[in-house]
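Input: a single structure, listed below in structure tokens.
The values are calculated or read from the model by the stated rules, or taken from the named source; none is laboratory data. If you're wondering where the values come from, they're calculated on a predicted model, not measured in any experiment. Please note: Cβ atoms are built from the backbone with ideal geometry, for glycine as well, and neighbour counts cover all protein chains shown.
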Amino acid sequence: MKGLFTLSILSEKAICVFLNKEIGLEAHREVLKLKETIESQKWPWLLETVPAYNSLGIFVDISFFESNTSLLIFFENWFSENIIDVNDASFPKTLIKSIPIKYDGVDLSFVSNYCKIPVNEVIAIHSQAVYTVAMIGFLPGFPYLLGMDERIFVPRKSTPRLKVAKGSVGIGGFQTGIYPSESPGGWQIIGTTALELFDLENLSYLSIGDKVKFKPI
């Protein structure tokens with residue numbers, strides 16, 4: 001497996017496996033395949049795996065190891081001895097979750113001007129795509145969505161806002177996402193949704209691997 005992955009220490013009880021591939025749907029599918037393979041080992045010390053765009057965090061009960069360095073060595077040896085066929089990686093079949101959205105964002109005109117596309121076309125492009133939830137963060141329930149059309153890629157704000165309203169739908173570079181609660185943020189806000197993305201009882205409405213489509217209202 002040498003060359004496919006890079007391993008590094010993430011914390012005193014975790015390592016991170018980086019897939020040596022550009023961020024995208026193909027890389028993310030392979031991350032999910034890696035997650036599935038590692039979890040199938042049923043190691044008693046494995047606590048959690050956390051996938052991101054092109055990496056996987058592996059959290060363990062470190063009492064089973066002498067140190068996080070010995071944990072890293074374990075996985076270096078494990079990867080060298082095992083073949084993980086990431087070529088057959090695929091997303092699990094899932095229903096497309098519809099997100100109602102009002103395209104009333106304060107930065108919609110900026111996106112239109114930056115991309116040199118009329119506002120109604122920006123809306124059409126954004127709402128016609130089917131997105132994949134690649135990871136959840138930086139707020140509880142915040143979905144990072146892959147699959148946006150490159151015609152509406154726009155940079156984040158050079159100076160983030162101190163307050164972005166709950167339910168704001170934004171674009172940041174190649175990705176789109178939804179603020180589940182009020183927060184500082186630097187994404188370009190193109191719309192809002194009233195859908196609750198996170199609560200303490202049910203936790204996150206969206207999960208990694210879910211398919212999402214925005215429905216203009």
Being outside the structural domain of I136 (by TED's automatic domain parsing), more than 16 Å from the chain's Cα centre (by Cα) and surrounded by 14 or more Cβ atoms within 10 Å (Cβ to Cβ) is true for just one of L32, L46. Which residue is that?
L46
Options I189, I178, I123, I117: the member that is within 28 Å of V31 (Cα to Cα) and β-branched (V, I, T):
I178
Does the stretch 196-216 hold any residues that are at pLDDT 90 or above and surrounded by fewer than 12 Cβ atoms within 10 Å (Cβ to Cβ), and which are they?
K215
Could you please give the count of residues in the stretch 123-135 that are touching a Leu at 6+ places or on another chain (Cβ under 7 Å) and under 16 Å from G170 (Cβ atoms)?
3
Taking G24 as meeting all but one of (1) modelled with pLDDT of 90 or more; (2) within 19 Å of the chain's Cα centre (by Cα); (3) not β-branched (V, I, T), write down the number of the exception.
(1)
How many residues, within the stretch 14-28, are crowded, with 18+ Cβ neighbours inside 10 Å and in contact with a helix residue (DSSP H, G or I) (Cβ under 9 Å, 6 or more places away or on another chain)?
4
What do you reckon, is S67 surrounded by fewer than 17 Cβ atoms within 10 Å (Cβ to Cβ), farther than 23 Å from G141 by Cβ, small (G, A, S) and at pLDDT below 90?
yes
What do you reckon, is A124 among the aliphatic types (A, V, I, L, M) and surrounded by fewer than 20 Cβ atoms within 10 Å (Cβ to Cβ)?
yes
From (1) closer than 16 Å to L108 by Cα; (2) in contact (Cβ under 8 Å) with a residue 40 or more places away in the chain, pick out the condition that doesn't hold for A134.
(1)
So, in the stretch 170-195, of the ones that are part of a strand (DSSP E or B) and either loosely packed, with under 15 Cβ neighbours inside 10 Å or among the charged types (D, E, K, R) (or both), which residue ends up modelled with the highest pLDDT?
P184
